[in-house]
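Q: Dumping the structure here so I can ask a few things about it.
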2 protein chains.
Amino acid sequence: MKLSITGGGSFETNANATIYETLKANGVFLVSPCGGKGTCGKCQVKVTSGGATVKSYGKLTQQERKDGIALACQTSATSDLYIEIPEHSKLVLGGKIAVSIFKDTAAYLQSYGVGIDPLAKRVSLTLPPPSIQDNIGDLQRLTRSLEDVGITNMRFAHKFVSTLMETLREGDFSVVVSYSKQSDTAFDAISVYPHEQCNGRYGLAIDIGTTTVVVYMVDIANGAVIDIGSTYNSQTKYGDDVITRIVHATEGGGLADLRNTVVGDINTIIDLLCGKHNIESRHVEAAVISGNTTMSHIFWGLNPASIREDPYIPTVNYYPLWHGSQARLNINQQAAVYTAPSVASYVGGDIVTGILASKMHRSPGISLFMDIGTNAEVAIGNDEWIMTAACSAGPCFEGGGIKFGMRATQGAIESIKIDPNTLTPSVSVIGGGVPTGICGSGMIDAIVELYKHGIINQKGVFNPAKTPLVREGEDGLEFLIYKSDNSQRDIVLTRDIVLTTVDMENLIRAKAAIFAGVSLLLREAGLTLDVLEKVYVAGGFGNSLNVEKAVMLGMIPDLPPDKYIFLGNTSIIGAYLTLMSDTLRKDLESIASKMTYIELSVVGGYMDEYMSAMFIPHTDISKFPSVAAALGL
Amino acid sequence: MKLSITGGGSFETNANATIYETLKANGVFLVSPCGGKGTCGKCQVKVTSGGATVKSYGKLTQQERKDGIALACQTSATSDLYIEIPEHSKLVLGGKIAVSIFKDTAAYLQSYGVGIDPLAKRVSLTLPPPSIQDNIGDLQRLTRSLEDVGITNMRFAHKFVSTLMETLREGDFSVVVSYSKQSDTAFDAISVYPHEQCNGRYGLAIDIGTTTVVVYMVDIANGAVIDIGSTYNSQTKYGDDVITRIVHATEGGGLADLRNTVVGDINTIIDLLCGKHNIESRHVEAAVISGNTTMSHIFWGLNPASIREDPYIPTVNYYPLWHGSQARLNINQQAAVYTAPSVASYVGGDIVTGILASKMHRSPGISLFMDIGTNAEVAIGNDEWIMTAACSAGPCFEGGGIKFGMRATQGAIESIKIDPNTLTPSVSVIGGGVPTGICGSGMIDAIVELYKHGIINQKGVFNPAKTPLVREGEDGLEFLIYKSDNSQRDIVLTRDIVLTTVDMENLIRAKAAIFAGVSLLLREAGLTLDVLEKVYVAGGFGNSLNVEKAVMLGMIPDLPPDKYIFLGNTSIIGAYLTLMSDTLRKDLESIASKMTYIELSVVGGYMDEYMSAMFIPHTDISKFPSVAAALGL
């Protein structure tokens, strides 16, 4: 039987396959953080006609069910079936999810004043062909020619050698050898190609976030980013934050599952990118992994148990340079896979790459670096020292734990304005058109607007007397940001978008954790706000963070807006820089080694700071003079 | 249904399992060079009662069939079945097959004046446990303690790190790390154990012959050989010599089969030895592979095609130090697996280890080294230089191509005396009792005796007029060495043992190839016989080679018997020495690098030398003065 999609696409399906599986097999990917288990409620489709069995409706509301909405992963066709896929269900690959704001990455690389010297290097060699007189073995012949060009002490993996005989002869002893540098004096051979067959050479920058995974496919010969792929980290089906993942990995015995899940996510992207650009996977010879400590451990299948046990020790901070096969990536099996070093259990490689991307380690002036992702990490320092700490902020600003939360992608509400007279909101949507959710910057806008107009109080509690847009929802009071309009059914399927009481509580807890972390780190460094020359903000808020609004919310310090620089996803750009330059790879390691980790739970005073920050903007308004002035307090 | 064996043993079997398979599954191994394909005719059993289906009788004679003999690999039970297993069908594991003559290997190692410094080393470490103040990662903590004891620049494989977290804590941060030396300044970690769980440490010396495989299980802490396992190389099912194996690997696409076959043979032995001695496979941390160039290539799955193509170039002479996982051995997956370097396509690592075992590289006097295995390789030299060559002798002296040929194991006729008056032979059998075949030394004895008494002429042709023991056999004339006596059926099943015309031709071709090789190598070195101080003879002839007889045959030069030293299997003892001492490993590499290979087919004159040596002892009797004197010529 057939599964047909409004707007295009018709695929063979059967009663044993879910709609989700049939779509995936045909290259149509739906948002599904739970990986098709029916628990996240994200892979919604609308059945317009035909027969289907529905195993479970999961989190869908009565209204949604009435409207014909079903979860693709719980639904199978029993006859030819016609469905619509709402925009908010479509997984955007290669879209704007957690992408760096640097569009011309090669130019940014150049701005560091370093040459192109990627993780995987190549050298062309013409070996003298063997004869009865010169009858040394193939490997020795290759080694001799490498030594002639100054490359000594190279290691040859078994797999490399296993194709050497044929390759040397196919290339008539004229070959290209790719290799990586283990150290300044030790090299690892990656691959050998007949000279004329050796065209592309590629590398991957991979950001493994707790919530999302981003992959840059890079032409490492020139640093051009050929394409970008991104997806949700399917590990979220085992929990939203790193702690529940660690618990699942250890107490639940699910380390292998977690590893397979995220490696599967990455490989799906790699396969898509290779297929789209006709790249042979064996030509992908290098990868840089940037993730927090737990994500990096799980990626490598390393038991993360000790990360959450006092004294919070990871197995590895500085990772050996391992290979594609051990990483289980669908790339060259001897590819060099470098993992960004981490500083501590809760300040990982993603922060070290982030600091590399910010350049704060090159400036004598003191800067603050904040990465607001699934958690928030902060660092203060300059070209001589860096102090860092982690705040348990949770994934709100990436969409996690927020009913209509989503990443800053197509369809996300990224800013909101509430009319002072009518108290009705008007929204701005990424990519225009009908909104499908709300991203971090939209949430910040919304709270601040709601607060400014008295629709919520300082603690984020709704005042239903103020406007009928505050209504009773399924989880208590909620504010209607966008009213769905399904009158024009042939265009797109939409839904009401609200912010709930629970959303409000989560957002205020998150902003309080961030502000408390910054305050405490400043105190530990013995500094006050006024010494900060720059504040770099990283994270997936959209194209930009509205600094004034974030200050008004009390999430970030009250500093002049021109000191703030929004950098987007610094983990991926730092991974890219590391992939492209051995000099920057050394810089990365030097950043990691000079970062001093402050354990906020140990130094004392964190809980006080946190509780004080649970107001909008803060219990101590004197910390926010510009807000006080603006609100006339 | 049951399969019961006279003398003990009764196993469940079924109609789909061959007797061979049922026996193997129950730990009873039969001789089967063809690996159970019905072609070698060696896995003979006698069916005494019960029902069976026989797929093929293969090479069995009419008489054997009449006597109830069947091939175990071609026979399945149809009801309860009773069989006898003749001695000659029983595979001797851990027996005398190709074992070194050095019984006290540890003492022999000591005679080199080197300390015990095995391929896999161990170091005990007590790490300071982590704290909030000293919170570096586990791997960094380990590295720091290693550096404290002077071990810097150690590489950690992914698999090593993947158990580090648990092991450190299990051992309360008191651990033992095993490692190997990649070079004087670079180390590879193998395993980490909690201190108190770290008992045995083992290594393997492995001799991969074209015909046999020998494994020494060694306690590398003290050099004691714990046990020995040996078996036929099951690759013989694909051909008896290296050339047919190469053809099968390349033109036949059978490289993977060949590799799996020999690795399977080795793993069978390893499993048996580990089981017998309660050794955990992960505690086997090192192995040294010694084999000819083709065997070593196939062991590692390297395409041997170029070995047999002008200009005869192997892929590898000097092998990287790879690991247990890549070797696919049932040992520690990070175990250091060292492969003895080869000199050329037809002078392999087994000869280099052989020279190490002979000590000829330590003596200023000039020696000749001969290894007579499936082929024969020769070397001349001293502590400054060594020249070497390969002779295409074939596998006769190991039993190959000889109708009743066998290795020098239990039941083999190792010497023969023919009564000058009655012309009847009397035989001496290894282990005593009824003979089951004839080994190399027995063959040499036989030819010489037959020749001395005029039963064969100078060309090895039988004279049937001389004695009725020369009789018409299935393949022409043959000489009856031992007449079977099955009157006492309850004791053992026996058979006639003969030497055939074809056997004679093969033996004379083999001895001619060896002598021609020695002659030509001496000529190329510009030396005459009288400069030789010692002649080391290696090979599986049994406990000793009868030098006078071998000289009389014209196989080896006519030198005083006291210059000859028979060493047995030098490949395995050389592998053992290499396993136990890094100093000797360096010696081995220095031997390989100073060996000059002479390609006999290129230097000219080989065919003449060979044709002249196709007589007993030689067409030019002046080369054999002692033989001329003894025979009164």
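The values are calculated or read from the model by the stated rules, or taken from the named source; none is laboratory data. Computed from a predicted model, the values in this text were never measured in an experiment. In this analysis, Cβ positions are derived from the backbone assuming ideal geometry, glycine residues included, and neighbour counts consider all displayed protein chains.
Q: Could you grab me the full set of residues in region A:452-469 that are farther than 16 Å from A:Asn421 by Cα and basic (Lys, Arg)?
A: Result: A:Lys459, single match.
Q: May I pose another question? When you go through B:Gly400, B:Gly365 one by one, which is the residue that is more than 30 Å from B:Ala465 (Cβ to Cβ) and in the same structural domain as B:Ser571 (by TED's automatic domain parsing)?
A: Answer to the selection: B:Gly365.
Q: Looking only at helices (runs of 4 or more DSSP H) that lie completely in region B:554-606, which have at least 2 residues being away from chain A (no Cβ under 14 Å), more than 17 Å from B:Thr105 (Cα to Cα) and in contact with a helix residue (DSSP H, G or I) (Cβ under 6 Å, 6 or more places away or on another chain)?
A: Here the list reads B:582-594.
Q: For A:Ala335, which of the numbered conditions (1) under 17 Å from A:Ile208 (Cβ atoms); (2) within 22 Å of the chain's Cα centre (by Cα) fails to hold?
A: (2)
Q: Here's another thing I want to ask about it. Hey, does region A:130-149 have a residue that's touching a His at 6+ places or on another chain (Cβ under 6 Å) and buried (at least 18 other Cβ atoms within 10 Å of the Cβ)?
A: no
Q: Do you know which of the residues in region A:220-256 that are in a loop (DSSP other than H, G, I, E, B) and within 18 Å of A:Glu398 (Cβ to Cβ) is modelled with the highest pLDDT?
A: A:Asn233
Q: Which numbered condition trips up B:Asp207, out of (1) in a loop (DSSP other than H, G, I, E, B); (2) of a type in the set (Asp, Glu); (3) in contact with a Phe, Trp or Tyr (Cβ under 9 Å, 6 or more places away or on another chain)?
A: (1)
Q: Within region B:257-281, can you find the residues that are basic (Lys, Arg) and modelled with pLDDT under 95?
A: The one that is basic (Lys, Arg) and modelled with pLDDT under 95: B:Lys276.
Q: Here's something else I'd like to know. Give the residue that is modelled with the lowest pLDDT, with candidates limited to residues of region B:107-125 that are more than 18 Å from B:Ala357 (Cβ to Cβ) and assigned to a loop (DSSP other than H, G, I, E, B).
A: Among those residues, the one meeting the criterion is B:Gly115.
Q: Also, I was wondering about something else. Within region A:538-549, identify whether any single residue is in a helix (DSSP H, G or I), modelled with pLDDT of 95 or more and not assigned by TED's automatic domain parsing to the domain that holds A:Ile438, and answer yes or no.
A: no
Q: Being surrounded by fewer than 12 Cβ atoms within 10 Å (Cβ to Cβ) and within 21 Å of B:Gly36 (Cα to Cα) is the filter here; which residues of region B:4-13 pass it?
A: Within region B:4-13, B:Glu12 is the sole residue that qualifies.
Q: Let me ask something else about it. Select from region B:132-156 the residues that are hydrophobic (A, V, I, L, M, F, W, C) and at the interface with chain A (Cβ under 8 Å from one of its Cβ atoms) and write down the one among them that is nearest to the chain's Cα centre (by Cα).
A: Result: B:Phe156.
Q: Residue by residue through region B:278-290, note down the ones that are of a type in the set (A, V, I, L, M, F, W, C) and either over 24 Å from B:Ser392 (Cα atoms) or facing chain A (nearest Cβ under 9 Å) (or both).
A: If the condition is that a residue be of a type in the set (A, V, I, L, M, F, W, C) and either over 24 Å from B:Ser392 (Cα atoms) or facing chain A (nearest Cβ under 9 Å) (or both), then B:Ile279, B:Val284, B:Ala286, B:Ala287, B:Val288 are the ones that fit.
Q: Quick one: in region A:157-171, of everything that is in contact with a helix residue (DSSP H, G or I) (Cβ under 7 Å, 6 or more places away or on another chain) and at the interface with chain B (Cβ under 8 Å from one of its Cβ atoms), which residue is surrounded by the fewest Cβ atoms within 10 Å (Cβ to Cβ)?
A: Only one residue tops the list, namely A:His158.
Q: Right, something else. Pull out all pairs, ordered by first then second residue, where Cβ-Cβ is under 9 Å, the residues are six or more apart or on different chains, the first lies in region A:599-616 and is farther than 19 Å from A:Asp310 by Cα, and the second is of a type in the set (Ser, Thr, Tyr) and part of a loop (DSSP other than H, G, I, E, B).
A: A:Met611/A:Thr619; A:Ser612/A:Thr619; A:Ala613/A:Thr619
Q: Looking at (1) in a loop (DSSP other than H, G, I, E, B); (2) of a type outside the set (Val, Ile, Thr); (3) at the interface with another protein chain (Cβ under 8 Å from one of its Cβ atoms), can you tell me which one B:Pro128 breaks?
A: Going through (1) in a loop (DSSP other than H, G, I, E, B); (2) of a type outside the set (Val, Ile, Thr); (3) at the interface with another protein chain (Cβ under 8 Å from one of its Cβ atoms) one by one, B:Pro128 breaks only (3).
Q: Here's another thing I want to ask about it. Mind telling me which of the residues B:Gly291, B:Gly354 ends up being farther than 24 Å from A:Arg155 by Cβ, of a type outside the set (D, E, K, R) and at pLDDT 95 or above?
A: B:Gly354
Q: A follow-up question, please. Can you give me the number of residues within region A:360-380 that are closer than 15 Å to A:Glu533 by Cα and touching a residue at least 24 places away in the same chain (Cβ under 8 Å)?
A: Count: 11.
Q: Of all helices (runs of 4 or more DSSP H) completely enclosed by region A:291-410, which ones contain at least 1 residues that are away from chain B (no Cβ under 11 Å) and closer than 18 Å to A:Tyr232 by Cα?
A: Filter on region A:291-410 gives A:293-299, A:349-358.
Q: Of all the residues that make up region B:264-293, how many are under 27 Å from B:Tyr346 (Cα atoms) and surrounded by fewer than 21 Cβ atoms within 10 Å (Cβ to Cβ)?
A: 2
Q: If B:Ala224 satisfies every condition in (1) more than 17 Å from B:Thr268 (Cα to Cα); (2) crowded, with 20+ Cβ neighbours inside 10 Å; (3) of a type in the set (A, V, I, L, M) but one, which is the exception?
A: All conditions pass for B:Ala224, except number (2).
Q: Let me ask something else. Considering only residues that are surrounded by fewer than 21 Cβ atoms within 10 Å (Cβ to Cβ) and under 37 Å from the mean Cα position of the chain (by Cα), look in region A:172-186 and name the one that is farthest from the other protein chains (Cβ to nearest Cβ).
A: A:Val176
Q: Would you mention how many residues in region A:284-303 are of a type in the set (Ser, Thr, Tyr) and under 18 Å from A:Leu579 (Cα atoms)?
A: Final tally of qualifying residues: 2.
Q: Of the residues B:Val502, B:Val492, B:Val461, which single one is surrounded by fewer than 22 Cβ atoms within 10 Å (Cβ to Cβ), at pLDDT 95 or above and either outside the structural domain of B:Met552 (by TED's automatic domain parsing) or closer than 18 Å to B:Arg407 by Cα (or both)?
A: Selected residue: B:Val461, the only one of B:Val502, B:Val492, B:Val461 that is surrounded by fewer than 22 Cβ atoms within 10 Å (Cβ to Cβ), at pLDDT 95 or above and either outside the structural domain of B:Met552 (by TED's automatic domain parsing) or closer than 18 Å to B:Arg407 by Cα (or both).
Q: Out of curiosity, is B:His248 touching a helix residue (DSSP H, G or I) at 6+ places or on another chain (Cβ under 9 Å) and away from every other protein chain (no Cβ under 14 Å)?
A: Yes.
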